[in-house]
Structures are given as structure tokens and as C-alpha cells.
1. Could you name the lysines in cross-link range of residue 32, using Cα to Cα under 30 Å and dropping any fewer than eight places away on the same chain?
2. With springs only between Cα atoms under 10 Å, which of 68, 91, 106 fluctuates most in a Gaussian network model of the chain?
3. In whole Hz, with x marking every Gly and Pro, tabulate ³J(HN,Hα) for region 113-123 from phi via Karplus 6.51 cos²θ - 1.76 cosθ + 1.60, θ = phi - 60°.
4. Please report, in debye to the nearest 20, how large the charge dipole of the chain is about its Cα centre when each Lys and Arg carries +1 at its beta carbon and each Asp and Glu carries -1 there.
5. Among 120, 27, 52, which one shows the biggest mean-square fluctuation in a GNM of the chain, springs joining Cα atoms closer than 10 Å?
6. Where the eigenvalues come from the Cα gyration tensor of the chain, what are the semi-axes √(5λ) of the equivalent ellipsoid, largest first, in whole Å?
7. What three numbers, in Å, describe the spread of the alpha carbons of region 99-139 along their principal axes, ordered from the longest?
8. Would you kindly state the longest site-free stretch of the chain, with sites defined as trypsin sites (Lys or Arg not before Pro) in a DSSP loop (not H, G, I, E, B) surrounded by at most 14 other Cβ atoms within 10 Å?
Amino acid sequence: MGANTFLGNHAKFTYASVDMSGDFNSLDVDFKTPYVDSSCFGDDWETGVSGLGAYTITAAGFVNKTAGANDDTFFSRMGGSGSQATTWVMGMAGSTAGYPKYSGSGIATDMKEGVKIKSLATISISLQGVGTPVRGLTV
């Protein structure tokens, strides 16, 4: 294993300035840049350029119905004027070199809650990134 590998046990996730870390146990950010074909007649090899970058964030964990906690915060941002872009931060706790954080702004596009017998109620959310994300230790 590399020197900068780490366990995710101490990851942090903040959305709309609310620390969601104590309720979530899965967190992913998916950065994408599509390949756009720019080949022309007479080219012998395909040519291309990078398209517009995009990213999505998905998080899953346990429902917290406390006022201002995850259920309240995400539900208030689904649909209507509440669906405007909201800030988020994810990464390891602290500011250790090699453990960068990511931050940006995103629109809540999906929220799912579920319950099963003998299980904690679960919640999962998806955010569509808006604008350029930031990578660094001080976000």
C-alpha cells in the first residue's frame, strides 16, 4: 500500500454548512469530462478535444429527522426555489497533506429514504455539481 492510503472512517461531509458526517457511511464524487470528436475529412487518425467537465456527488447513510439535520436539509432543497445550488465539502477530517478535500456547489437532484424491519432507516442523496470544484487542504 502507498504511503498516503487511508481508511474512510474519519471522512467529513458538509452540505449547506451542516456537518452530515455522523449520519453517512458512504460518499462518492464522480468527475467526468467527455471526449468530443473533432475529426475532419482527410484525417487518418481520430482527433478529439475535452468537453465540458461535470461531476456528481452521492452519499448514503442513516436518516436523521432532527430539525436542520440530513432529512430536513435535503428535503428543503428538492424542487422549486429551494433547489438552487448549495455548497458542499467532502474529504478526510483535518488538513493532513495527502488527504485533500473537495468542495463546490451542487443542486440536490435525488433523495431516497427507506426502512426495513430490524434496520435503521436509510437515506441517499445525489447532487449535480455546478461550476468548478476545488481540490485542496483548506476547503
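1. Partners within reach: 12, 101, 112.
2. 68
3. These are the phi-based 3J(HN,Hα) values: 10, x, 9, 9, 4, 6, 9, 6, 5, 10, 9 Hz.
4. On the way: 9 positive and 12 negative charges, 136 e Å.
Charge dipole of the chain: 660 debye, to the nearest 20.
5. Ranking 120, 27, 52 by mean-square fluctuation puts 52 first.
6. Details: eigenvalues 208, 85, 44 Å².
For the chain, the semi-axes come out at 32, 21, 15 Å.
7. For region 99-139, the Cα extents along the three principal axes come out at 41, 24, 9 Å.
8. Numbers: sites that count: 65, 116, 118.
The reported range is 1-64.
Rule-based calculations on the coordinates, nothing more; no lab input. This one's a predicted model, so the numbers in the text were calculated from it and none came from an experiment. FYI the Cβ positions are ideal-geometry reconstructions off the backbone, even for glycines, and counts take in every protein chain you see.
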